[in-house]
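Novice: Let me give you the structure first, and then I'll get to my questions.
Computed from the coordinates by the stated procedures, all read-outs in this text should not be read as laboratory data. Computed from a predicted model, the values in this text were never measured in an experiment. All Cβ positions, glycine included, derive from the backbone under ideal geometry; neighbour counts span all protein chains shown.
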Amino acid sequence: MKSIYALILSFLLMLLAVTWYFPRYNQSGSAAVIAWDVSGYYMYLPAIFIYHDLKYLNFEKKIVENYHHSDNSFQGAEQPNGGKVLQYTYGMAIVYLPFFFIANFLAEPLGYRADGFSIPYQFAIGFGSLLIALIGLFFLRKFLLRFFSDGATAITILAIAIGSNYFEYSSISGGLTHNYLFTLYAILLWYSIKFWEKPSVKFSLLIGLFAGLLTIIRPTEIISFIIPILIGIKSWKELIERIKFLFQKFLFFLSAIFPVLCFGFLQLYYWKYVSGHWLVYSYQDQVFDWFNPQINKGMFSYRAGWLIYTPIMIFSLVGYFFLYKLKKEIFWFSILFTIVFIYLCFAWSIWYYSGSFGIRAMVQSYAVLAIPFTAFNEWMIKRKWKLILFSSIMLFFTYYNIWLTHQAHKGGLLTIYGMTKSYFWKIFLRYDVPIETRYFLDCSERFDGEPKNNKTIFFTDFENDSLKYNQSVQPIDGENSLYIDKTNSYFDICKISFPTEKYNWIRVSLMCSLKWKEYCDWNMTQLIIKLYDENNLELKKGKLLIQHVMNENETKTIHLDLKLPNENIDSVHVFFFKGNSWQPVGIDNLKVEVFNE
């Protein structure tokens, strides 16, 4: 296949995902285009151009009430002077700007509210992001064709666009930063090559513009300057000559730095305007752990591991061997960038990037990782039997990626917040599993046999509890049931002594009633059991997110099992914790028992 056809096919499939499979522009709440993190990136625009309130964001409460796009407002941090600093830098607001203006111009004539969040704005950001993805793939193709054959380039375009999680973050979730950053990297690659072919102030300004945008969108992308500085370098001698050139032609350096300084000053001015301080750390408790990057977990964890959920990118890492042999002039900058990028990516305290489908923060690096990927393809297509073998593997990985994407949305089997190894392999490539399978999301230890020597050590039917179901919700059994919602979020059920006899397992069983389903893991009701020794030190803990194993309008008995450790257990603590959700959960007939296998 020619690479131009690969580009067209990729775009058509992404267009299909946006318009037919999962059109976010007409979704409500957190499923909308402008929701969660996107709302935080975007909020500068309605704050400035619609509500004229960038400092205090007094309009936010009404927007949240109308659209329910986030449980955390706009990810803002209130300052001592009353101002509210948005968590994210303003870079994404710049790239959203043309799409925002189009929506703002058309909203009222089309009969919608010009409030920044109605359907025209959702549509504009959603389809604008798809256009950005097409631009990115277009420039990536141009760059790759400078060094590799059309066939090898075509395979890379299809593999990344359809076979990796780039597909998710360029189409269905295209409004996030990763799609835009990928495109900016692809453009930067192209103009870096153009500059060194024919150095000029025009190209150095463009390099500064795109590298500056990358940095102001996500400050760690300042490593993007590795690309224009080192691209084309094959030896230390050439590096020294390049440094000398930049000192001799200092205007090129200044023209590249100037846009970056402008972007940076504007961010400092925003912080000063809102908080009264030139520097504000808006991420609060989220930080870098420079001396303990979670690279192993980031690569291979079942929670979100990059190569677990995007295995097709293994070919890119292997491709560095062939890139070194084939194209040294684009090897050194590429491998240095990749090493630094991976380190920064997994040094972040939330290395799994909450709600991430296969480490979404890696997606923008695919513009650079496409280079060794294409080098691998170049080697592969010259060996027919290997071409057949590796093409088959790539097709399987592509199918796997499409299956994952479906399960993350309509299939419902993929729970990206809390995946476990046990659950992963029970759902692998399946489209339907018993709901009981979802127990393995929380407890890899589950006793499926017939318990022996059962002993009940605690029981309550809540009949003497003052907390009752009210209004339209009825008790499960008897006259009273425990009622848990956002206003009653923590319940200490019992802390009891453990029996002296020897047992292998402990089980907490209960009747549970659920009217409305909660799909966000951190909002779910947690049943927690903890075991302590005689010094009140925790020996072991088990947890079950109740909504994982319940359907809407369902009442049934569920249970949490925990295999007992060898240490001497002194006491057992059972309690419930409810996340930030209004969806009520009813509990009745709770029993704690111990037993043997």
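Novice: Helix-only estimate, please: 222 nm mean residue ellipticity of the chain, summing -39500 (n - 2.57) across DSSP H runs of length 4 or more and dividing by its residues, to the nearest 500.
Specialist: -14000 deg cm²/dmol
Novice: Rounded if a/c is under 1.5, else prolate if a/b is larger than b/c, else oblate: which is the stretch 215-290, with a ≥ b ≥ c the root eigenvalues of its Cα gyration tensor?
Specialist: Since a/c reaches 1.5 but b/c is at least a/b, the shape of the stretch 215-290 is classed as oblate.
Novice: If you don't mind, there's one more thing I want to ask. Here is the link list: LYS410/LYS515; LYS421/LYS541; LYS426/LYS578. Which ones come out longer than 24 Å on Cα distance?
Specialist: LYS426/LYS578
Novice: Using the alpha-carbon atoms, what tilt in degrees (0 to 90, nearest 10) does helix 201-217 show relative to the longest principal axis of the chain?
Specialist: Approximately 10 degrees, to the nearest ten.
Novice: Which net charge results when you count Lys and Arg as +1 and Asp and Glu as -1 among the other residues whose beta-carbon is under 14 Å from that of LYS62?
Specialist: Counting the neighbours of LYS62, the net charge comes to -2.
Novice: Quick check on the stretch 94-154: what are the equivalent-ellipsoid semi-axes from the Cα gyration tensor, as sqrt(5λ), descending, whole Å?
Specialist: Here the semi-axes work out to 36, 9, 7 Å.
Novice: Below 20 Å, Cα to Cα, which aspartates and glutamates can LYS62 reach? Residues fewer than 8 away in the same chain don't count.
Specialist: ASP37, ASP53, ASP71, GLU78, GLU108, ASP115
Novice: Over all directions, how big on average is the projection of the convex hull of the alpha-carbon atoms in the stretch 295-383, in square nanometres?
Specialist: Mean shadow area of the hull around the Cα atoms is 5.7 nm².
Novice: Show which lysines lie in cross-link reach of LYS244 when reach means a straight Cα distance below 22 angstrom and same-chain residues fewer than eight apart are skipped.
Specialist: LYS194, LYS198, LYS202, LYS234, LYS328
Novice: About its Cα centre, what dipole magnitude does the stretch 445-596 give when the only charges are +1 on Lys and Arg Cβ and -1 on Asp and Glu Cβ, stated in debye to the nearest 20?
Specialist: 240 debye
Novice: With a cut-off of 8 Å between alpha carbons and a minimum separation of six or more residues, what is the relative contact order of the stretch 509-597 in percent?
Specialist: About 46 percent, as a whole number.
Novice: Of ASN377, VAL64, SER489, which is farthest along the charge dipole of the chain in the positive direction, counting Lys and Arg as +1 and Asp and Glu as -1 at C-beta?
Specialist: The residue sitting most towards the positive pole is ASN377.
Novice: Stokes-Einstein diffusion coefficient for the stretch 182-257 at 37 °C in a medium of 0.692 mPa s, Rh from the Kirkwood formula over Cα pairs: what value in µm²/s?
Specialist: The diffusion coefficient I find is 263 µm²/s.
Novice: Whole angstrom only: what separates the Cα centroid of the stretch 523-543 from the Cα centroid of the stretch 139-170?
Specialist: 48 Å
Novice: May I pose another question? Kirkwood hydrodynamic radius, the stretch 3-410, all distinct C-alpha pairs: what's the number in Å?
Specialist: 22.1 Å
Novice: Measure off 7 Å from each Cα along the Cα-to-Cβ vector at SER444 and TYR324, then give the distance between these two points in nanometres to one decimal.
Specialist: 3.5 nm
Novice: Computed over the Cα atoms of the stretch 540-597, what is the ratio Rg over Rh, Rh following Kirkwood?
Specialist: 0.99
Novice: Something else: Could you give the angle, 0 to 90 degrees to the nearest 10, between helix 91-106's Cα long axis and the longest principal axis of the Cα atoms of the chain?
Specialist: For helix 91-106, the angle is close to 90 degrees.
Novice: Under the definition of Cα pairs under 8 Å and six or more residues apart, what whole-number percent is the relative contact order of the stretch 445-596?
Specialist: Relative contact order, the stretch 445-596: 42 percent.
Novice: Is the shape of the stretch 333-404 best called rounded, prolate or oblate, per the rule: a/c under 1.5 gives rounded, else a/b larger than b/c gives prolate, else oblate, with a ≥ b ≥ c the square roots of the Cα gyration tensor eigenvalues?
Specialist: oblate
Novice: Report the calculated FRET efficiency for TYR519 and ASP570 (r = Cβ-Cβ distance, R0 = 35 Å), to the nearest 0.05.
Specialist: 0.40
Novice: Compute the helix-to-body angle for 3-16: its Cα long axis versus the longest principal axis of the chain, expressed 0 to 90° and rounded to tens.
Specialist: Helix 3-16 sits roughly 40 degrees off the main axis of the chain.
Novice: Viscosity 1.567 mPa s, temperature 4 °C: give me the Stokes-Einstein translational D for the stretch 441-597 in µm²/s, with Rh taken as the Kirkwood radius over C-alpha pairs.
Specialist: So the translational diffusion coefficient is about 80 µm²/s.
Novice: Report the Cα centroid-to-centroid distance between the stretch 555-573 and the stretch 203-240 in angstrom, as an integer.
Specialist: Taking the Cα centre of the stretch 203-240 as reference, the centre of the stretch 555-573 is 55 Å away.
Novice: List the aspartates and glutamates whose Cα lies under 19 Å from the Cα of LYS327, skipping any in the same chain that are fewer than 8 positions away.
Specialist: Result set, ordered by chain and number: ASP150, GLU197, GLU238, GLU378.
Novice: Based on Cα coordinates alone, diagonalise the gyration tensor for the stretch 373-510, multiply each eigenvalue by 5, take square roots, and list the semi-axes in whole Å, largest first.
Specialist: Square roots of five times the eigenvalues give 49, 22, 13 Å.
Novice: Between LEU54, ILE312, VAL549, whose Cα lies farthest towards the positive end of the dipole of the chain when Lys and Arg beta carbons carry +1 and Asp and Glu beta carbons carry -1, centred on the Cα centre?
Specialist: ILE312
Novice: For LYS244 and ASP285, what is the calculated FRET efficiency with R₀ set at 45 Å and r taken between the beta-carbons, to the nearest 0.05?
Specialist: 0.50
Novice: State the Cα centre-to-centre distance between the stretch 362-380 and the stretch 256-276 in whole Å.
Specialist: Rounded to whole Å, the Cα centres lie 34 Å apart.
Novice: Let me ask something else about it. What are the equivalent ellipsoid semi-axes of the stretch 263-345, built from the alpha-carbon gyration tensor (square roots of five times its eigenvalues), in whole angstrom, biggest first?
Specialist: The answer is 35, 20, 10 Å, longest axis first.
Novice: Something else about it: Which whole-number percentage describes the relative contact order of the chain, with Cα contacts under 8 Å and a sequence gap of 6 or more?
Specialist: Relative CO of the chain lands at 12 percent.
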